[in-house]
Amino acid sequence: MSELDLLVSEGRNPRTMDIDLLPTIDVLRKINDEDRIVPAAVEKVLPAIAAAVDRIVLAFQKGARLIYVGAGTSGRLGVLDASECPPTFGVPEDMVIGLIAGGPDALVRSTEGAEDDPKMGARALQEIRLTPDDVVVGIAVSGRTPYVIGGLNYAKQVGATTVALSCNPASTIAGIADIAISPVVGPEVLTGSTRLKSGTAQKLVLNMLTTASMIRIGKSYENLMVDLNPSNKKLVARAIRIIMQTSGCTAQRAKRVLAQAGNDVKLAILVAITGFDVEEARAALGKAGGFLRKAISDRTA
């Protein structure tokens, strides 16, 4: 029996043995039924996700980084999550980094052999000058990808916080990392096609890691993305709507204060709510550590 045979994610699913005989709608029902398993599996590992978020928040507060390391689907999901942080939360592009075996080309074409060298995982982290204050999340459904193992082992040597995200709780990377996040979603609809339930579970966890961490460092007000970067027409319209929702001002005033604040949405909101000029609002936000709710409550206290 091979090592793959022992992995939960590689088992055959008894509920889909007849899937090749079914009409389209029933194939889709099978897939949908299996997908329902994923949120419950993620719920069971929320304590581990919370532990990882707390370590990521500490890293961000020190000016350090969150770094994803993965291959194939897992690597692509990490790069996707990292790439969405700057426009969503207005953070620098190097605050959340996604590293994928095979480099950028692997995002659009299969380079599956690139994952087999652990030295490449270590080298990728060396090239971005990994520090002890950073957090490294190794992503691999099987938990046995050499590229990810090499990255996590190097991160441990450096002294960085290490997190393993896999769908096999007894995996190699779970044994290496400081924190192991292992949602068990069971065998896939198509045996071994871990871009399905396993990939969905990884995406849900990655959403949580960055979203919760950004909320914890003041990137939201209530449930609004007040640090978004209004870099296109859609986001400018969203920024104006957010200013109106939080302050109750008109669209015209929202546009005016957004321009005065240099397109800084959070700053514009504080101006609109308090009547501060831009510099007064900037100072108040600084005093509040960037937390808009605190800056507003300090003004009204």
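Derivation of every value follows stated rules applied to the coordinates shown; laboratory data play no part. Keep in mind that this is a model prediction, so the values were computed, not measured. Here Cβ is always computed from backbone atoms with ideal geometry, including for glycine, and neighbour counts include all displayed protein chains.
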Using Cα atoms only, what is the angle between the long axis of helix 197-216 and the major principal axis of the chain, expressed in degrees (0 to 90) to the nearest 10?
-> 30 degrees
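Cα-based Rg of the range 233-300 per 2.2 N^0.38 Å, rounded to two decimals?
Numbers: Rg = 11.0 Å, N = 68, 2.2 N^0.38 = 10.9 Å.
Output field value: 1.00.
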Most fluctuating residue of C167, C85, C249 in a GNM of the chain with Cα springs under 10 Å: which is it?
-> C249
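For the chain, give the share of DSSP beta bridges that are antiparallel, in percent and rounded to the nearest 5; count only bridges with both residues there. Each step should come with its number before you reach the end.
Values: 1 of 19 bridges.
So the antiparallel bridges in the chain amount to around 5 percent.
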Pick out which of P183, P169, P23 has the largest mean-square fluctuation in a Gaussian network model of the chain, springs linking Cα atoms closer than 10 Å.
-> P23
Counting Lys and Arg as +1 and Asp and Glu as -1, each charge on the Cβ, what is the dipole of the range 1-127 about the Cα centre in debye, to the nearest 20?
-> 380 debye
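Cut-off is 10 Å between beta-carbons; in what order do I19, I139 appear when sorted fewest neighbours first? Please report the intermediate quantities before stating the final value.
Values: I19 14, I139 32.
Lowest to highest Cβ neighbour count: I19, I139.
Using Cα pairs under 8 angstrom and six or more residues apart, how large is the relative contact order of the chain, in percent? Walk me through the intermediate numbers first.
Values: 549 pairs, mean separation 55.5, N = 301.
Once divided by the residue count of the chain, the mean separation gives 18 percent.
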Cα axis of helix 72-89 to longest principal axis of the chain: angle in degrees, 0 to 90, nearest 10?
-> 0 degrees
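By counting other Cβ atoms within 10 Å of each Cβ, how are D54, D20 ranked from fewest to most? Working shown, then result.
Details: D54 14, D20 8.
Ascending Cβ contact count within 10 Å gives the list D20, D54.
What number do you get for the chain when its Cα radius of gyration is normalised by 2.2 N^0.38 Å, N = residues?
On the way: Rg = 21.9 Å, N = 301, 2.2 N^0.38 = 19.2 Å.
Its radius of gyration relative to the 2.2 N^0.38 Å reference: 1.14.
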Roughly what % of Cα-Cα distances in the range 187-301 sit above 25 Å, to the whole percent?
-> 34 percent
Quick numbers on the range 35-118, Rg and Dmax over C-alpha atoms in Å, give 14.7, 38
Ranked by Cβ crowding within 10 angstrom, fewest neighbours first, how are V265, V257 ordered?
-> V257, V265
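Among rounded, prolate and oblate, which fits the range 1-159 when a ≥ b ≥ c are the square roots of the eigenvalues of its C-alpha gyration tensor, a/c under 1.5 means rounded, and a/b larger than b/c means prolate? Could the numbers behind the result be given before it?
Numbers: a/c = 1.95, a/b = 1.62, b/c = 1.21.
Prolate is the answer for the range 1-159, as a/c is 1.5 or above and a/b outweighs b/c.
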17 Å tail of the calculated P(r), the range 17-74, as % of Cα pairs | 66 percent
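In terms of the Cα gyration tensor, with a ≥ b ≥ c the square roots of its eigenvalues, is the range 68-194 rounded because a/c is under 1.5, prolate because a/b exceeds b/c, or oblate? The partial results should precede the final answer.
Working: a/c = 1.39, a/b = 1.19, b/c = 1.17.
Rounded.
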Most fluctuating residue of D116, D178, D18 in a GNM of the chain with Cα springs under 10 Å: which is it?
-> D18
To the nearest 10 degrees, the tilt of helix 146-158 (Cα long axis) against the first principal axis of the alpha carbons of the chain is 50 degrees
